[in-house]
Every structure is written in structure tokens, then in C-alpha cells.
Amino acid sequence: MATKFSICLWNQDAKGMSQYYQQIFNDFKLISENPMAAVFEMVGTRFMCLNNAVPNIQFNEKISFVLTVDTQEEIDTYWDYFCKEGQAGQCGWLEDKYGVSWQIIPSILGKLMTNPETAPKATYAFMQMSKFDIARLEEAVSA
């Protein structure tokens, strides 16, 4: 029976990728590193990044990491860091410089989406957004 879940990332630069995430995640912990791989933990999850010997294997948005945060400042911090060399998407989605897809989501969204009165208004509001704006969400559901 499996007792632990880790995520394996294939990349051309395992060390560089681990250093990239170390710059943004305060809880980042490097577990091990060698010429073939880097193993690290961040946001309560263990990752193993392997140097990719097959260059045509790419990340895509079929798999994304959802990062739920409480404040607009946190949204802005992660969004700005990842988009600096990555690419912004719609509805909180973005792709970092390594092509890994992320969703930067405000924690209030769960509450808004489970309430039948606020869900349609919240949905309409965030469908107009690239980066989530908590104030705009709150304004939309109170209107």
C-alpha cells in the first residue's frame, strides 16, 4: 500500500528548477541533489526533478498545481514571480518559465462557489480575469 505521494518533474535543468522554486516558496526544503536529480519539498509536497534525457517531453496544462492563498498580496507575489519569465493565462492560470502550469486561487473562492447565490456572480467575475482580484470578486458577489 502506498503511503507517500511525490511529484516527478522532468526538465533539462533539475538543479536550476529547484533553485527557481526555492526563490518563491518560503517553506522550500532541499532534500537531496546530484547530477541527475533534485529532491525538494515545498507547500507540503515532495517533488523529484529529474534531468530529462528526452528533450521532446514537455509540460502542458493537462496537469496543473493549484496554489490556494488567502490574500491579494500573496496572489500578486506568486503571479508576478511566475509570469516574469512565464506566461499569464485566464481565470488564475499561468505557466511558469519551465512550462509548469499553476492556478493561483484565493481561498475565498471555495466559499463563493459553493453558495448558490454567489456562485454565478463569482464565476462571471473571474471568467473576465487573468489574475484573480479578490476585491473585484467580493464586489461582484455583493452587487
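Among 102-109, 66-73, the peptide with the highest mean count of other Cβ atoms within 10 Å heads the list, and the full ranking is 102-109, 66-73.
Full extension of the chain segment joining residue 52 with residue 85 gains 9.8 nm, where the gain is 0.36 nm per residue of separation less the Cα-Cα distance.
Computed from Cα atoms alone, the Kirkwood hydrodynamic radius reported for segment 1-53 is 11.1 Å.
Helix 72-85 and the longest principal axis of the C-alpha atoms of the chain enclose an angle of approximately 50°.
Suppose R0 equals 25 Å. What FRET efficiency, 1/(1 + (r/R0)^6) with r the Cβ-Cβ distance, do residue 142 and residue 72 give to the nearest 0.05? Given R0 = 25 Å and the Cβ-Cβ separation, E is 0.90.
Summing +1 for each Lys or Arg and -1 for each Asp or Glu among the other residues whose beta-carbon sits under 10 angstrom from that of residue 107 gives -1. By its C-alpha gyration tensor, with a ≥ b ≥ c as the square roots of the eigenvalues, how is the chain shaped: rounded for a/c under 1.5, else prolate for a/b larger than b/c, else oblate? In terms of gyration-tensor shape, prolate. The GluC sites (Glu not before Pro) found in segment 8-65 that occupy coil by DSSP, while having at most 14 further C-beta atoms within 10 Å, are 61. The lysines whose alpha-carbon is closer than 21 Å to the alpha-carbon of residue 29, local same-chain residues fewer than 8 away aside, are 4, 15, 97.
Every helix of 4 or more DSSP H residues in the chain counts as -39500 (n - 2.57), and over all residues that averages to -9500 deg cm²/dmol at 222 nm.
Taken together, the values in this text are just the output of simple stated rules run on the coordinates, not laboratory data. The model shown is predicted, which means the values in this text are computed figures rather than measured ones. Note that each Cβ is placed from the backbone with ideal geometry, even for glycine, and that neighbours are counted across all protein chains shown.
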